[in-house]
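What follows is one structure encoded as C-alpha cells, with my remarks underneath.
The values are calculated or read from the model by the stated rules, or taken from the named source; none is laboratory data. Since this is a predicted model, take the numbers as computed values, not measurements. A quick note on method: Cβ atoms are made from the backbone with ideal geometry, for glycine too, and the neighbour counts reach across all protein chains shown. Heavy atoms of the whole protein, side chains included, go into the accessibility calculation; ligands, DNA and RNA do not. Shrake-Rupley method; radii C 1.70, N 1.55, O 1.52, S 1.80 Å.
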Amino acid sequence: MIRDHLRRLAGLRNTVLGMAAASLLVLAIAAPAMAVPKGDFAVFTKCPVNNPEVTFCFYGLTSTGEFQIKSTKVPIKNPITLQAGSILNEESGAETFVEATNNETLSKSPQQVPGGLLGVVAPESLPKFLQEIINKLVSEGLDEVTATAELVATPTINRVNLLFQEGVALSLPVRIHLSNTFLGNSCYIGSKSSPVTFNLTTGTTSPEKPNKPITGVVGELEFKDEFQLVVIKGNKLVDNAYSVPTANGCGGLLSLLINPAVNLKLGLPSADGNNAAILGSTLENATAAAVKASE
C-alpha cells in the first residue's frame, strides 16, 4: 500500500518536472532574440537608439596616454571606453550625451599609480604624535594604489571642433577614485559639486605657466556605410589647462588625518598650469538611425 503510494508520488513529480521543462522550452522558443547592432555598427550595443531624441551613437576606446597631477603621472594601461547616444544642438554644434543603456557611459577602468603611497608623509603642521600615527599607518599600507576616473555630470562632444582642431572637442567632468586597502573605498579627488573637468581638444592648449601649450591630433578618418559611420584612428585629445581640487574621504574613519597627507603628497589643490591629460583613442560616431536599422 505504502509502496504504491510512493510510486504514484514519484510519477506525479516526474510529470510536474516534465511539464515545467516543456514550458521553459516553449518560452525559450517563443522569446524574441535581443536586438543588437550588427556589422560595422556592432560596437554601439549600449547606444540608447530607442530614445527618439538620440541623433548619434558614440563609442571611444582610449588605450594609451596619461593623466598628470603636478609631478605624479598615471599612465593609461587599462583601456577606457566612452559610449553613449547624443543629441545634437544645431545652433552650437555640440552634442550632449545620453547615458549608455548599461549605465556605464564611462567605464570604470582602474589605472595603477606608480609608486603607490610611497612618499606620503604627515603634514608638519600636525602635532608630533599625530604625524607618527599617520606615518606608521602609511608605511603599513604601501600596497598598490589605483586611480579611476568616474563621471559626475553629463559629457559633451563637438565634432566640428574635433575635426577643425579648435576649441573644446570633448568635455569630461569627473572625480578620481583613489583606492587601496589603506585608503578605503571613499577616497576621491573632486566631486559632483567640484569636479575635475577635462576640456579636451585636438587643437593647441593655452595653459597657465609653468605648463607650455601642447597640441592634439585629429587622426585618420574613414567613412563607412554610405557616410552613416565615421571611424577616427590615431586620435589624440589633450588638456593641460585644468585645475584639480583636494582629496576627501581617504582613510575611512581617519580621513581628517589622512586627507591632508594625500593632498600634501599630490600637491592638492593644483591650479591650472600644473596638470595634464593626454588620451590616445579610436573614436567611432554613427547615426542612431543606421545603428537601429542594423539590428
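Just a few scattered comments:
- With the simple spin-label model, which puts each label point 7 Å out from Cα in the Cβ direction, the Leu264 to Glu53 separation comes to 4.8 nm.
- Spatially proximal lysines relative to Lys128 (Cα-Cα < 21 Å; intrachain offsets below 8 disregarded): Lys136, Lys265
- Pairs from the list Lys108/Lys212; Lys77/Lys233; Lys108/Lys224; Lys73/Lys236 with a Cα-Cα gap above 21 Å: Lys108/Lys212; Lys108/Lys224.
- Residues Glu124 and Glu144, FRET efficiency given R0 of 35 Å [Cβ-Cβ distance, rounded to 0.05]: 0.80
- Between Thr64 and Asn103, the contour length at 0.36 nm per residue exceeds the Cα-Cα span by 11.6 nm.
- Summary of packing: across the peptides 149-161, 235-247, 64-76, the per-residue average of other C-beta atoms within 10 Å ranks them, highest first, as 235-247, 149-161, 64-76.
- Taking the 1.4 Å solvent-accessible surface of the chain as the whole, the part contributed by carbon and sulfur is 58%.
- A 1.4 Å probe run over the protein chains yields, for the stretch 174-255, 51 Å² of accessible area per residue, whole-number rounding.
- Kyte-Doolittle mean at least 0.0 and Cα axial length at least 30 Å: DSSP H helices in the chain: 2-30
- The chain: C-alpha pair distances exceeding 31 Å, %: 44
- Computed extension gain for Ser206 through Gln112, at 0.36 nm per residue and net of the alpha carbon distance, reaches 31.0 nm.
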